[in-house]
Amino acid sequence: MTDPPPARSAGVNATVAESPSRATSFEELYRDTVDDLYAYVATMVRDRAAAEDVVAAAFERAYRKHDAYDARRGSRRGWLFGIARNAALDELRRRKRHASLAADPESAPSPATDPVRRAAVRAALAGLDARERELIALKYFGGLDNAEIAGVLGISVSNAGTRLSRAIQRLREACDDGS
């Protein structure tokens, strides 16, 4: 027996009833991004339960602001990651603590199958600063390209590429030092 789906707020139920095609489109976006979004948020907030709450809040915000999406500014996926980033930062501000990776999110792609290598990568990620971890999470957990990362962070595409390259290099060096 499966658990019933969680109840939606009254505002979401009313909006779904008004526009079934919008709901179907949003369902597709949800299915295509929920695991990656969770992995990204879990990297930022370091708490699985809080990550679930943040992801739910991000999807609700995105659903309510669906009409504000502008395709000229980037992909729907990038737009959604921007909303999730803001929701995660709101959560961190509420907690008044810095984000660092506590453990691999369950749905995140594994960096290596070898448990020793996974531990080295986890330790190396923990050694990066929060901005570098976020870049790596957006790229590898979120699956965003550099243009989408730039849109989420509000920086230029070349700046996103440069920052990402530096973060990956630091991660590689930390992994090599830990081996």
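The values are calculated or read from the model by the stated rules, or taken from the named source; none is laboratory data. Remember, it's a predicted structure, so these values are computed and weren't measured experimentally. Every residue, glycine as well, gets a Cβ built from its backbone with ideal geometry; the counts of neighbours run over all protein chains shown.
Quick notes on this one:
- If you filter region 109-129 down to residues that are under 15 Å from residue 40 (Cα atoms) and not hydroxyl-bearing (Ser, Thr, Tyr), you find that the one that is surrounded by the most Cβ atoms within 10 Å (Cβ to Cβ) is 125.
- Verdict on residue 152 being touching a Lys or Arg at 6+ places or on another chain (Cβ under 8 Å) and aliphatic (A, V, I, L, M): yes
- Of all residues in region 24-59, those being polar (S, T, N, Q), under 13 Å from residue 76 (Cβ atoms) and surrounded by fewer than 16 Cβ atoms within 10 Å (Cβ to Cβ) number 1.
- Taken as a whole, the structure leaves residue 21 outside the set of residues that are surrounded by 11 or more Cβ atoms within 10 Å (Cβ to Cβ), of a type in the set (Ser, Thr, Tyr) and either in a helix (DSSP H, G or I) or at pLDDT below 85 (or both).
- All positions within region 130-179 that are exposed (fewer than 13 other Cβ atoms within 10 Å of the Cβ) and under 24 Å from residue 92 (Cβ atoms): 131, 154, 166
- Looking across 102, 130, 119, 123, one residue alone is modelled with pLDDT of 80 or more and either under 29 Å from residue 57 (Cα atoms) or aromatic (Phe, Trp, Tyr) (or both). It is 130.
- Any hit, region 57-70, residues being closer than 21 Å to residue 160 by Cβ and more than 14 Å from the chain's Cα centre (by Cα): yes
- Subset tally (residues that are modelled with pLDDT under 85 and either in contact with a His (Cβ under 7 Å, 6 or more places away or on another chain) or not in a helix (DSSP H, G or I) (or both)) for region 57-96: 1
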